[in-house]
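> Encoded as structure tokens, here's the structure I'll be asking about.
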Amino acid sequence: PEDIVRVTGLSTRYFTEQGQVNAVDDLDLRIERGEVFGIVGESGSGKSVTARSIMDLIDSPGEIVDGTIEFNDADLADRVREDHPEAVDGNFVDLQAIPERIRRSLRGTSFSMIFQDPESSFNPSLTVGEQLAEAVEVQRRASANPRSTRSRTESSEYSLGNFVLSTVLPSQKYVTEESRERAVELLELVGIPDPVERADEYPHEYSGGMLQRAMIAQALAGEPDVLIADEPTTALDVTIQAQVLDLLDELQEETGMTILLITHNLGVIARMCDRVGVMYAGEIVERGTLEDVFDDHVHPYTEGLLGSIPDLEDAGGRLEPIPGNVPSLLDHEMGDRCHFADRCPKAMEDCLEHPPEYDADGSEYHAARCVLAETAYQESRALPDGYFGEDE
Ligand code: SF4
Ligand code: MG
């Protein structure tokens, strides 16, 4: 399968009074069409900032200062090729190189995000059905007329989840019967019982798990190609968590959409993902298939992460902290060395002199950012077939 998203050298910084925070630092990422790609890491490792960078949701004092985020979409490439030839490479479009107006129009229709906190995606004074119908409407207008998307900065508009909505509500005035029916269909799709009745209820009448489902429905309103789910189940109890993951699984199979799943939970990764990137201190330190990362990892951080969990199932997949603190991401404290050096049991002189490059093992995708990676790959290749006594 082809790549749908390619992130290269992405750096997102926050300019604070304490100094420059390197929240995402020279990050590379490739996501294939139709896969579930996981990003796993401790809190503060830059997972959410990565997701928000892809969604173009970085607000001041944050800023994407370097790198490219490319999206593989033939229609978009055709739309921008003439005016912005430098942004287009085949069907890949560099989202940083096209006007903000066009980039924003992709939100909800090409990329949608499910946020950690569903309440933040709903207006408490409107029914869930009204809001879903309006989301459907916004997407319809945007895809019917992509070149003349309304100005997104009118003061009568506000941002809600993936959408910029109008405050000139009640939205009934603007929402067609068709959109309202679609809203009910979406509620049904995400497994809300009695969707016709529930559509007329307000967000506070929904339980946490139901509101999470409604938010997934909202994210699906524009039939996105890529769904980004940022800790989609953290706020939910274990049973509901499992149900929401099942739902994402089903939706992915039905629609074939690509999912970028962000979590601190290795159990969720093992259950949901095809490939995974392990994130630490603003960078992906190791990436590969589940097998590469769970069984054949070469980065000491991945080792620590997995080693801290004797049994994935028993531990509920929770990450136990590795000794030492997550480093400050302040630029002047990070220095020019491996970000993991302070906590790494294998650190040596070399690691303090410069940050290690990505080192791929020659397979498709497995790579790690560690000076020891090369030797580790060689050692694992040096083992003859049947070394462990298995007859093939
Ligand atoms: Fe540890 Fe050095 Fe590898 Fe960093 S580069 S993870 S400090 S061995
Ligand atoms: Mg986060």
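The values are calculated or read from the model by the stated rules, or taken from the named source; none is laboratory data. In this text, all values refer to a predicted model and were calculated from it rather than measured experimentally. Ideal geometry is used to build each Cβ from the backbone, glycine not excepted, and the neighbour counts take in all protein chains shown. SASA here: full protein model, heavy atoms, side chains in, ligands and nucleic acids out. Shrake-Rupley method; radii C 1.70, N 1.55, O 1.52, S 1.80 Å.
> Working only within the stretch 1-59, note down all residues that are among the small types (G, A, S) and in contact with a strand residue (DSSP E or B) (Cβ under 7 Å, 6 or more places away or on another chain).
Within the stretch 1-59, G9, S11, G19, A23, G34, G38, G41, S45, G46, S48, A51, S53 qualify.
> Is it the case that some residue within the stretch 39-53 is among the polar types (S, T, N, Q), over 13 Å from the mean Cα position of the chain (by Cα) and open to solvent by 70 Å² or more (accessible area, probe 1.4 Å)?
Looking through the stretch 39-53, at least one residue is among the polar types (S, T, N, Q), over 13 Å from the mean Cα position of the chain (by Cα) and open to solvent by 70 Å² or more (accessible area, probe 1.4 Å).
> If you go through the stretch 34-80, how many residues are under 30 Å from G304 (Cα atoms) and part of a helix (DSSP H, G or I)?
Adding up the residues that qualify gives 8.
> Scan the stretch 207-234 for residues that are touching a helix residue (DSSP H, G or I) at 6+ places or on another chain (Cβ under 6 Å) and farther than 29 Å from F71 by Cβ and report the count.
Of the residues in the stretch 207-234, 2 are touching a helix residue (DSSP H, G or I) at 6+ places or on another chain (Cβ under 6 Å) and farther than 29 Å from F71 by Cβ.
> Restricting to the stretch 286-327, give me the number of residues that are among the basic types (K, R), part of a loop (DSSP other than H, G, I, E, B) and modelled with pLDDT of 60 or more.
So the count comes out to 0.
> Would you be able to tell me the number of residues in the stretch 354-368 that are farther than 12 Å from V285 by Cβ and modelled with pLDDT of 85 or more?
The total comes to 1.
> Here is a follow-up. Considering only residues that are within 16 Å of ligand 2 (Cβ to nearest atom) and surrounded by fewer than 23 Cβ atoms within 10 Å (Cβ to Cβ), look in the stretch 213-232 and name the one that is farthest from V268 (Cα to Cα).
The selected residue is D230.
> Output the qualifying pairs, or none if there are none: Cβ atoms under 6 angstrom, residues six or more apart or on different chains, first residue in the stretch 229-246 and in contact (Cβ under 8 Å) with a residue 40 or more places away in the chain, second residue assigned to a helix (DSSP H, G or I) and within 12 Å of ligand 2 (Cβ to nearest atom).
D230/S48; D230/A51
> Give me a count of the residues in the stretch 56-75 that are free of Cβ contacts under 8 Å to residues at least 40 places away in the same chain, more than 16 Å from ligand 2 (Cβ to nearest atom) and among the acidic types (D, E).
Total satisfying the criteria: 1.
> Just need a number here: residues in the stretch 263-278 that are assigned to a strand (DSSP E or B) and either at pLDDT 95 or above or over 18 Å from S53 (Cβ atoms) (or both).
Selection size over the stretch 263-278: 4.
Yes or no, residue by residue, for (1) out of contact with any helix residue (DSSP H, G or I) (no Cβ under 8 Å at 6 or more places or on another chain); (2) in contact (Cβ under 8 Å) with a residue 12 or more places away in the chain; (3) under 27 Å from F340 (Cβ atoms):
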site	(1), (2), (3)
V24	no, yes, yes
V40	no, yes, yes
S45	yes, yes, yes
I54	yes, yes, yes
R81	yes, no, no
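> Going by the structure shown, is S156 in contact with a strand residue (DSSP E or B) (Cβ under 8 Å, 6 or more places away or on another chain), at pLDDT below 90 and surrounded by fewer than 13 Cβ atoms within 10 Å (Cβ to Cβ)?
For S156, the condition - in contact with a strand residue (DSSP E or B) (Cβ under 8 Å, 6 or more places away or on another chain), at pLDDT below 90 and surrounded by fewer than 13 Cβ atoms within 10 Å (Cβ to Cβ) - is met.
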